[in-house]
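Only the coordinates and a few stated rules stand behind these numbers; no lab work does. Bear in mind the structure is a predicted one, so any value in this text is a computation, not a measurement.
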């Protein structure tokens, strides 16, 4: 079992990482007072409500409620697991992630990444050294690929034979199981002997955003079927989410102004050979919303490149329908349809880089493609045809996020049909349900004291170091007391712990949701006067403990009688209450 990541390492990592720099590299931020703001990357909005605090090292959206640390942002934004997020942050700081004990934070997929990276190197070695590799090399040369491009994309060769990879990496049952989990072996039937999935194929490693191999695509040499074979779905490979060539594009280009979606591996590498380094390919599937979310996190412009035949245009229309809900203002989608019997690989060899990029620049905008296709399907010369056009267009336009593009598309539809159409109201989630910051004193005063103490300590860890904090409340047997005590103990042992690191201590525990919600509620509240509030809250808990103890002693005095010590204690409590200012009920149950 893999070791868990020590809490102290998470603390150190979050102390080194600046969440403002991290988020700004993915979502451009603007200074707004002490904080930084942007339109939220997790929901559609026109007015920025996504706020990042350098002081607290938290992000928070007042519109959708998204809230968390640098680790949480990577998990949500990159759709990454906890361990992947930690390893990416650690790599950015030049740190090695240590392990200890059992892994309590989810599966550790590092052995699978290691096996697939080793498999990629094995195939690359076979391309250079296997006696039968001349067929593969000749194929790549015929397609015009240089050794440099082949090496950059890690292209390799899976020789003929049923057990080449198994003999290299599957010497025992545990290794065989990992090969099967990674999708590198198949079985003829249940319980049968395993064999290599990829045989006699040009191999294209598929890499994730960190450069780890997560799967393969294999192009057969010769006329066998299937022509292209992809890795199956595995714990680390989901073809509906991954894009071939995206890692290489990010590595090659400092600023990615656009990404072009093509259909095949060879299209990507052939375009790279001609210095078009922004092509990516889906993995045998239609473009999904997840694909587009990856693209729009990288750039604001996507070009869909398809064959010009009927199948290509149908695929383009499906891509348009998928893109519509993601077309926030500022994003652009265009469509490039190639001449008959041409693909990007063949066309760029005929016309060269400059002419091909001119075609990209002149690609059809989403709006033109949408209306042109709909107009072709109706008779615009009749009122009935125009009405049909409007009825077909409106459901499509309603998929667009509320904003300027949506408004202009409806105006364009009105121009085409010649009728003043009233645009339907925007979707229920828009406009953004922005939550105004609460009035601090009123807000804190409505929170039960235990919850208030936890919230104040969670967002202001330095309060644990205040001198002469009340302690009698520790004897209370109420929900939340154990959590409050644990927080104080952690912070007294580690006085320099920051709010973000403190919140991460509860990741995966039952209390995580509760603490995250409290942290989000406290996000806009400033520090002035809150130390006094914290001390007063603990004092109110002390009063509650005194009240409970006094009630127990009074009940015992009526039923059994009290010892001399108990009588003395009751007298102290009664005197204390008589001289204390009236505070009403000190605490509500959590």
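The table that follows gives values for the structure above.
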{"read-out": "Distribution of pairwise C-alpha distances over segment 440-579, 10 Å bins, in %", "value": "11, 37, 29, 15, 8, 0"}
{"read-out": "log₁₀ of I(q)/I(0) at q = 0.09, 0.15, 0.21 Å⁻¹ - segment 220-350, Debye sum with one point per alpha carbon", "value": "-0.25, -0.73, -1.42"}
{"read-out": "Percentage, to the nearest whole number, of Cα pairs in segment 1-125 over 18 Å apart", "value": "59"}
{"read-out": "Full-stretch length increase - residue 368, residue 253 - with 0.36 nm per residue and alpha-carbon distance subtracted", "value": "38.4 nm"}
{"read-out": "Pair-distance profile P(r), taking every C-alpha pair of segment 236-276, with 5 angstrom steps and integer %", "value": "5, 19, 34, 25, 12, 5, 0"}
{"read-out": "Cα-based convex hull volume of the chain per residue, rounded to whole Å³", "value": "236"}
{"read-out": "Relative counts (whole %) of C-alpha pair distances in segment 1-58, using bins that are 10 Å wide", "value": "21, 41, 23, 13, 2"}
{"read-out": "√(5λ) per eigenvalue of the Cα gyration tensor, segment 110-230, largest first, Å", "value": "23, 17, 12"}
{"read-out": "Over 22 Å [Cα-Cα, segment 338-418], rounded percent", "value": "44"}
{"read-out": "0 to 90° range, to nearest 10: angle between helix 110-129 axis and the chain longest Cα axis", "value": "20"}
{"read-out": "Relative contact order [Cα under 8 Å, 6+ residues apart], the chain, whole percent", "value": "11"}
{"read-out": "Principal-axis tilt of helix 7-16 within the chain, Cα atoms, nearest 10 degrees", "value": "70"}
